[in-house]
Amino acid sequence: MQQINPSPATTPIQTNAPMANALDLKDIHLPEQITNYPVAYGWWLLAIIVLIAIASLMIKMRQRAKLKHHQQQALQQLKNSPNMDDADVITLLKWAAMQYFSRGQLAKLYGEQFQQFLMQQLPIKHQQKFTQLSQQAFTEQYQAKPIEPRTDNSQNLQQAATLWLTYALPPKVKAVATTTANDQLGASV
């Protein structure tokens, strides 16, 4: 009887032929572990841009707060002193205006000329209301008047001052440039 080999694959095949047909295979190598570092240049660039944007935003906010400081101070004084007379309100307006505009330009203004200057600093839609509220106080500013209790006229001037402090300050760069250009033109003519 012939003996049967139970697993023919396990028995080596013996051939006398050389290994010319065998492939030259190499072992499988796994790639190196991919890391998150160093981060690509685009992420560094994005991080730098974001930091610069945040820093410039903080600088702008600080400048804006510094610019609005005098406006807020004048509004607070007006709010905390509801019994201010007309002369004090006009003095407060002049002080606030001098914080933002040229001292030489404002020092010579009084009465209706000062009122016109204040009105010109307001946006057009608020000019008429400011004039209506402040007209009587500016015309009566240098007139002798008897001592009497507070009137609606003083209340109107305080409303006009609040309106002016809110909408005219801080002045727009364009408005300041226009007024200084007009002053130079007036001086040269």
Quiz item: Given the pairs Lys79/Lys172; Lys60/Lys125; Lys79/Lys125; Lys94/Lys129; Lys66/Lys129, which are separated by over 26 angstrom at their Cα positions?
Solution: Lys60/Lys125; Lys66/Lys129
Quiz item: Sorted by packing (mean other beta-carbon atoms within 10 Å per residue), highest first, where do 27-37, 52-62, 98-108 land?
Solution: 98-108, 52-62, 27-37
Quiz item: Which length gain, in nm to one decimal place, applies between Val50 and Lys125 when the Cα-Cα distance is subtracted from 0.36 nm times their residue separation?
Solution: 23.1 nm
Exercise. Provide the FRET efficiency to the nearest 0.05 for the Arg62-Gln116 pair, computing r from the beta carbons and using R0 = 30 Å.
Key: 0.30
Quiz item: Along region 75-92, what does the Karplus equation 6.51 cos²θ - 1.76 cosθ + 1.60 (θ = phi - 60°) give for ³J(HN,Hα), rounded to whole Hz, x for Gly and Pro?
Solution: 4, 5, 5, 5, 5, 6, 10, x, 9, 5, 7, 4, 5, 5, 5, 5, 4, 5
Quiz item: For Gln72, what is the net charge nearby, where nearby means another residue's Cβ is under 13 Å from its Cβ and Lys, Arg count +1, Asp, Glu -1?
Solution: +4
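Bear in mind that the values in this text are calculations on the coordinates, not laboratory data. None of these values were measured; they are calculated from a predicted model. Positions of Cβ are backbone-derived with ideal geometry, glycine not excepted, and every protein chain shown enters the neighbour counts.
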